[in-house]
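Below is one structure, written out as structure tokens; comments come after it.
The values are calculated or read from the model by the stated rules, or taken from the named source; none is laboratory data. Since we're looking at a predicted model, the values are computed, not measured. Using ideal geometry, Cβ is built from the backbone for each residue, glycine included, and neighbour counts are taken over all protein chains shown. Side chains included, ligands, DNA and RNA excluded: accessible areas come from the protein's heavy atoms. Shrake-Rupley method; radii C 1.70, N 1.55, O 1.52, S 1.80 Å.
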Amino acid sequence: MESLFQDFRIAFRSLMKRPGFAVVAVLTLAIGIGANTTIFSVVNAVLFKPLPFANPERLVIVGKGQLSTPGDVNAVSFPDFEDYRARNRSFEQIAVYYLRGAIVSEGNRAARVRAATVSANLFSVLGIQPTSGRAFLPEEEKSGKGRVVVLSHGFRDRHFGANVDAIGKKIDIGGTPFDVVGVMPAGFRFPYDAEQVEMWISIGSEAEPLPGGPALTEQRGNQFLTAIGRLKPGVTRQQADADLGAVAAELAKQFPETNADTTARTRPLAETLTGDVRPALFVMFGAVGFVLLIACANIAGLQLARTAGRRKELAVQAALGAGRGDLVRKLFMENLIVALLGGTVGTLLAILGLRFMTSGAPGYVPRLSEATLDFPTLAFSAGITLLTGFGFGLAPALLGSRVNLNGVLREGGRGETGQRQILRGVLVVGQVAIAVMLLIGATLMIRSFTSLMAVETGYRTDHLLTMRVSLPDSYYNSPPLVAAFHQRLIDAVGKTPGLKDYTTVTPIPFGGEDFYVGFGVEGRPTPPENPFPNISAVRLVGPNYFKTMNTVIRSGRDFTERDRGDARETVIINETAARKYFPNEDPIGKRINQSISVEPGQPHMREIVGVVADSRRNSLSEDNRPEVFIPIAQLPALGSFSIVARTEGDPLPAAGQIHEHIARIDATIPVSAIRTFDDLVYRSAAQPRFITYLLGFFGGVALLLTSVGLYGIVSAAVTNRTREIGIRMALGAQINQVLRLVLQQGLTLILIGLAIGLTGAFFLNRLMASLLFKVSPTDPITYVCVPAILAAVTLAACWLPARRAAKTDPMEALRHES
């Protein structure tokens, strides 16, 4: 141990003799280790860390799917859920839930919070129980007994106070009093969604009959629930799928009008949560791995050059009795110190990296807040620190310790062995190849993001203010009441100064929501079991919607005051719907029979009065789909809708005035989600933007490290050939000849690295196909430009030391001692 400590002390003193090398080496490694530690922490939290539920590996999403589309796992209706729950033999329990907004009133104030309506056994399925009070009882799924709620720990503290026992108290939700029966543990989160769920409401609140129709829990065709099940011990997903498929086949025979040609399947809960972000995280993990490899190659090259310059020193130590093992240990100890310092600084950088990731990453990345420097992350950091110490230190140490004592002392330390030249060449080729792969991947993402942001939304997005208005369903529980409020709101908003145009809509474009309806076309036969065979998205719009959004009307007319609630029912469709459902004919004047109407169960015919240009719904990358627009006056939306107003200047100041108008109509109505429409579009591209920024940053770091590394390696090689260069110049060699001599070797290595890198990129970047938009993984422009730019930069890094060598004074060069 004493000998090891002495070696450590000697190695540290040796490094301090060359502080410039030590600082560069430590910072280079710190960048690579810090980036890897940061991304590993995120990947571990999002993908690998078990979900915080009991036996999470047995939790699956249960859903319906079409027999013709394997893999689909979609929402279910409550009657179907009850049948799955009662008839299956593979699950301990199955529960359901759906996300919703809840209007919570306190005195004259009201606020909209995120809520989930759930079956009584949801918490039991998850294996988590309230810390105070109780979970829901089975009978609370029934009509008349479902006005009970379980609160999140944070909401209880904010609404009632941290030291108040909320159990048994009442809370006003949508104008209806609910009894608080439980409070969940601090930190509990389900579902994992961008917006924290603050309360869980018993599904019994949806078991009461609706005006003019059955309760939601009695509508077998209304598939609005997500089902989650806990498999019995030892039961596989394949067995559960077969079991559910048999139940679904029975339901298809019993209820062909809603269940024909459908089945039921499972999907792991963890996979469901992370399916969208998994490819992006793995791509980023691979990118930082490449950065670390370049850093290691960089340090190995510097260490190789350093040991080559110390051959005389090492030869003297060997002459004084040091064995090869002693020299290897000495050199390797220096490398290990560099790695340990780099790992320490890299871990500190990872702390800053995690802060950036958690604040700058898209808000819907599940479990991102759980990314910390925990034990697995620190163990990973320590592991790659030791691995890099071995990776960049072992070969230079072994080569540096191989000393020809007589030759070195006789030559004064001049020259360089063939093994060092080979290793140096391998390092150059490796750095260039890895940099090519990383830069091509980053460039593909940049081109993809540029293409994405160039997509036409179908709207004019500037100077648009959006805000959500949520109506308490205890009072605004009928279409006439909603229609009356809507008209008063439109009249009031029009009094706001500075507005050019204004309207209302639900769901708002780029708001993250989509509603779909089925419809039939008058005069076209439909099967009795499916009178609405055509599917389209639906948007309910107020007056002047298309003018406010600057959406072009291709044919027909806009909605007018004639399209009132008591007038002939009308509809406007988009171009995609016109092409798909009315090919080679004019849809104006045609009538469609939709599956929704003011009176549930009694759909009416609607006349198509216009065709508008296609517009994006929630994402710039989505394909255009059929969409229909219905006047809100003819189909008043219960629950909530959005106000959209175009202003002369900055739109946000107008929000306060509009809010005042709403408060004068009804002070209990909350207004939320106040933002510009530009911000909605910006948020919709958050994930590709974040990935592009990160890959672009890592690509830039790779280019910098590669250039610096090549400069250092070539510079060291030139230094070791100083005497040779002096002899050539003394014998008449010209400056251009010396430049060509040095650059030729560097260019050969660069070309080999480019060829290997291009081949690797061709195969690896196919894994990025799901992340790219309108850009091929083998995009020819990228595969030509990136190697050209990298070749130019790396040649410049080689040219600088070559030019310095060409200007060497021959007499000084001949006196040079390595």
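Sort out which residues of the stretch 677-717 are open to solvent by 30 Å² or more (accessible area, probe 1.4 Å) and outside any helix (DSSP H, G or I), and write them in order of number. Once the filter is applied, which keeps residues that are open to solvent by 30 Å² or more (accessible area, probe 1.4 Å) and outside any helix (DSSP H, G or I), the stretch 677-717 yields nothing. Of all the numbered requirements in (1) aromatic (Phe, Trp, Tyr); (2) part of a helix (DSSP H, G or I); (3) open to solvent by less than 20 Å² (accessible area, probe 1.4 Å), residue 53 misses one, and that requirement is (2). Residue 282 satisfies every condition listed in (1) crowded, with 16+ Cβ neighbours inside 10 Å; (2) touching a residue at least 60 places away in the same chain (Cβ under 8 Å); (3) not in a loop (DSSP other than H, G, I, E, B) except (1). Given the structure, is residue 230 touching an Asp or Glu at 6+ places or on another chain (Cβ under 7 Å), assigned to a loop (DSSP other than H, G, I, E, B) and open to solvent by less than 60 Å² (accessible area, probe 1.4 Å)? So residue 230 does not fit the description; no.
Got a number for residues in the stretch 267-277 being part of a helix (DSSP H, G or I) and crowded, with 16+ Cβ neighbours inside 10 Å?
Going residue by residue through the stretch 267-277, those that are part of a helix (DSSP H, G or I) are 269-274.
With crowded, with 16+ Cβ neighbours inside 10 Å added as a condition, the list becomes 269-270, 272-274.
Residues that pass the stated criteria total 5.
Selection of first residues in the stretch 157-176 that are hydroxyl-bearing (Ser, Thr, Tyr) and of second residues that are assigned to a loop (DSSP other than H, G, I, E, B) and modelled with pLDDT of 90 or more, restricted to Cβ pairs under 7 Å at least 6 apart or on distinct chains, gives the following pairs, ordered by first then second residue: 176/147.
Which members of the stretch 123-140 meet the condition of being touching a Ser or Thr at 6+ places or on another chain (Cβ under 6 Å) and either in a strand (DSSP E or B) or not aromatic (Phe, Trp, Tyr) (or both)? Outline the logic, then answer.
Taking the stretch 123-140 as the starting set, the residues that turn out to be touching a Ser or Thr at 6+ places or on another chain (Cβ under 6 Å) are 136, 140.
Selection gives 140 alone.
For residue 449, indicate whether it is of a type in the set (Phe, Trp, Tyr) and in contact with a Lys or Arg (Cβ under 7 Å, 6 or more places away or on another chain). In short, yes. What number of residues in the stretch 622-640 are in contact (Cβ under 8 Å) with a residue 60 or more places away in the chain, open to solvent by less than 40 Å² (accessible area, probe 1.4 Å) and either touching an Asp or Glu at 6+ places or on another chain (Cβ under 7 Å) or assigned to a loop (DSSP other than H, G, I, E, B) (or both)? Going through the stretch 622-640 one residue at a time, the tally reaches 8. Residues that are open to solvent by less than 50 Å² (accessible area, probe 1.4 Å), assigned to a strand (DSSP E or B) and not hydroxyl-bearing (Ser, Thr, Tyr) within the stretch 641-675 comprise 641, 643, 644, 645, 646, 671, 673, listed in sequence order.
When the residues of the stretch 531-567 are filtered to those that are of a type in the set (Lys, Arg) and surrounded by fewer than 17 Cβ atoms within 10 Å (Cβ to Cβ), which remaining residue is nearest to the chain's Cα centre (by Cα)? Spell out how you get there, then give the answer.
Here is the first cut: in the stretch 531-567, the residues of a type in the set (Lys, Arg) are 539, 547, 554, 557, 562, 564.
After this cut, where a residue has to be surrounded by fewer than 17 Cβ atoms within 10 Å (Cβ to Cβ) as well, the list is 547, 554, 557, 562, 564.
On the way: 547: 34, 554: 36, 557: 41, 562: 45, 564: 43 Å.
Checked the stretch 531-567; the qualifying residue nearest to the chain's Cα centre (by Cα) is 547.
Within the stretch 133-158, which residues are under 32 Å from the mean Cα position of the chain (by Cα) and not β-branched (Val, Ile, Thr)? Listed by number, the residues that qualify are 151, 152, 153, 154, 155, 156, 157, 158. Please work out which one of (1) open to solvent by 40 Å² or more (accessible area, probe 1.4 Å); (2) touching a strand residue (DSSP E or B) at 6+ places or on another chain (Cβ under 7 Å); (3) modelled with pLDDT of 90 or more is the condition residue 81 fails and give its number. So the condition that residue 81 fails would be (1). Residue-level check: of (1) in a helix (DSSP H, G or I); (2) over 21 Å from the mean Cα position of the chain (by Cα); (3) surrounded by 15 or more Cβ atoms within 10 Å (Cβ to Cβ); (4) in contact (Cβ under 8 Å) with a residue 12 or more places away in the chain, residue 264 misses just (1). For the stretch 88-132, the set of residues classified as open to solvent by 50 Å² or more (accessible area, probe 1.4 Å), within 28 Å of the chain's Cα centre (by Cα) and within 30 Å of residue 664 (Cβ to Cβ) consists of 112 only. Is it true that some residue in the stretch 484-499 is within 40 Å of the chain's Cα centre (by Cα), closer than 26 Å to residue 215 by Cβ and part of a loop (DSSP other than H, G, I, E, B)? Looking for residues that are within 40 Å of the chain's Cα centre (by Cα), closer than 26 Å to residue 215 by Cβ and part of a loop (DSSP other than H, G, I, E, B), one finds none in the stretch 484-499, hence no.
Residues of the stretch 65-102 being assigned to a helix (DSSP H, G or I) and aliphatic (A, V, I, L, M), which ones?
86
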